[in-house]
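Participant: Below you will find the structure I want to go over with you.
The values are calculated or read from the model by the stated rules, or taken from the named source; none is laboratory data. In this text, all values refer to a predicted model and were calculated from it rather than measured experimentally. Positions of Cβ are backbone-derived with ideal geometry, glycine not excepted, and every protein chain shown enters the neighbour counts.
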Amino acid sequence: MHLIRELERTRDETLRCFALDQRDLARSYGPGKWSIRYILHHLSDSESVFFDRIRRVLSEPRPVLWVMDQDAWAKGLDYASVPLDLSRQVYESVRNAIIYYAGAHYERSGHLEWVHSVDGVRTLRDEFDKTAAHNEHHLSQIRLALGRPAPEAS
């Protein structure tokens, strides 16, 4: 399934980014934008939010789920001092779980609906697709910060 391949590809590329040296982790893709370190913490937190949504949609009838205020998370969770390895471990384990649930439920249960507090009615399939697209979006920012080209499409 294309989605599974994309979730695995973005997982693998993201995990390599956690091993960047301190100089590269401090790079940003533009003035006033988050550093690579902050982006990696954000990806870890976003994965946990996406995973919570996926499990709720599978377990509860048409839940209402709240938007994530990424700037509030960065400030409240103090991205500047959180150990990067902690976020790497969370990201990797949660992404692996999302891959499992995508394989089991994307086709079978993808039609299940939930209500996003800002975007309105969405489906489980939408959330799986968003997980992959969100990760790729931030990887493109990391590549830009590092001056690296996008990988070849497979």
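Participant: Does any residue in segment 65-90 that is free of Cβ contacts under 8 Å to residues at least 40 places away in the same chain come within less than 6 Å, Cβ to Cβ, of a residue that is acidic (Asp, Glu) six or more places away or on a different chain, and which pairs are these?
Facilitator: Short answer, once both residue conditions are applied: 73/45.
Participant: For residue 60, only one of the following conditions fails: (1) crowded, with 19+ Cβ neighbours inside 10 Å; (2) within 25 Å of residue 121 (Cβ to Cβ); (3) not hydrophobic (A, V, I, L, M, F, W, C). What is its number?
Facilitator: (1)
Participant: List the number of the failed condition for residue 108; all other conditions in (1) among the basic types (Lys, Arg); (2) surrounded by fewer than 18 Cβ atoms within 10 Å (Cβ to Cβ); (3) closer than 15 Å to residue 15 by Cβ hold.
Facilitator: (3)
Participant: Related question: Being over 19 Å from residue 94 (Cβ atoms) and either among the acidic types (Asp, Glu) or exposed (fewer than 13 other Cβ atoms within 10 Å of the Cβ) (or both) is the filter here; which residues of segment 116-139 pass it?
Facilitator: 117, 118, 119, 120, 121, listed by residue number.
Participant: Here's a follow-up. Please find, among 43, 25, the residue that is of a type outside the set (Asp, Glu), modelled with pLDDT of 95 or more, closer than 24 Å to residue 106 by Cα and surrounded by 18 or more Cβ atoms within 10 Å (Cβ to Cβ).
Facilitator: It is 43.
Participant: Write out, first by first residue and then by second, each pair whose Cβ atoms fall under 6 Å of each other, whose residues are 6+ apart or on separate chains, and whose first residue, in segment 106-128, is closer than 16 Å to residue 52 by Cβ while the second is modelled with pLDDT of 95 or more and of a type in the set (Ser, Thr, Tyr).
Facilitator: Hits for this filter: 124/109; 128/106.
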